[in-house]
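To keep things clear, I will list the structure first and then write my remarks on it.
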């Protein structure tokens, strides 16, 4: 890709993240509220973004970009999967600063009290996710790109990124409070984040397998 194509890809990805992330939150996390308050859909400054919705938006935007420029979609996704954790890291740090994601109550020495909420020490779950989804995942993907031949199989790195993120997210959900308007989906503690990450893991497996099956 030349510089103009990279600029176009960046624009497409930004639009995919914002539109997909917002629509994902609207449809999956609080549809009743937004049906009765449709203008709030546009009020993104009030918070409310879904990672999995943003991911879907990025996939669609990337596919449209690749199709227009006659580039393999999977090759573009492989490249993006190596650098995406950098954005995830800073996104989760922003979540912590803005107190957008509260952890579950705990008595661990590093517990924090979220200002403006009940004075209950909680897990700093956004920090856990920043370290897992951001730092660890970046080191993993960079190492796989640099020291393995996986980049020669379009889709392999993207599939691994999907599987790895899903596992890390499901683990971190153990320390994160579910969204108040949804709560737990089952009596044994399934959250919406776990459910969507489980689907994401299966999709990652399919993409990874397809990368080696296709000549």
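Quick notes
- Only a single criterion out of (1) surrounded by 19 or more Cβ atoms within 10 Å (Cβ to Cβ); (2) touching a residue at least 40 places away in the same chain (Cβ under 8 Å); (3) over 21 Å from residue 206 (Cβ atoms) is not satisfied by residue 124, namely (2).
- Residue count, segment 44-71 (criterion: in a loop (DSSP other than H, G, I, E, B), more than 15 Å from the chain's Cα centre (by Cα) and at pLDDT below 90): 1
- Some residue of segment 86-107 being more than 24 Å from residue 174 (Cβ to Cβ) and either touching a residue at least 40 places away in the same chain (Cβ under 8 Å) or not assigned by TED's automatic domain parsing to the domain that holds residue 199 (or both): yes
Table: residues versus (1) at pLDDT 95 or above; (2) at negative phi.
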{"site": "99", "(1), (2)": "no, no"}
{"site": "112", "(1), (2)": "no, yes"}
{"site": "129", "(1), (2)": "yes, yes"}
{"site": "132", "(1), (2)": "yes, yes"}
{"site": "139", "(1), (2)": "yes, yes"}
{"site": "160", "(1), (2)": "yes, yes"}
{"site": "168", "(1), (2)": "yes, yes"}
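- Test for residue 125: is it out of contact with any helix residue (DSSP H, G or I) (no Cβ under 8 Å at 6 or more places or on another chain) and on the phi < 0 side of the Ramachandran plot: no
The values are calculated or read from the model by the stated rules, or taken from the named source; none is laboratory data. All values derive from a computational prediction rather than experimental measurement. Backbone-built Cβ (ideal geometry, glycine too); neighbour counts: all protein chains shown.
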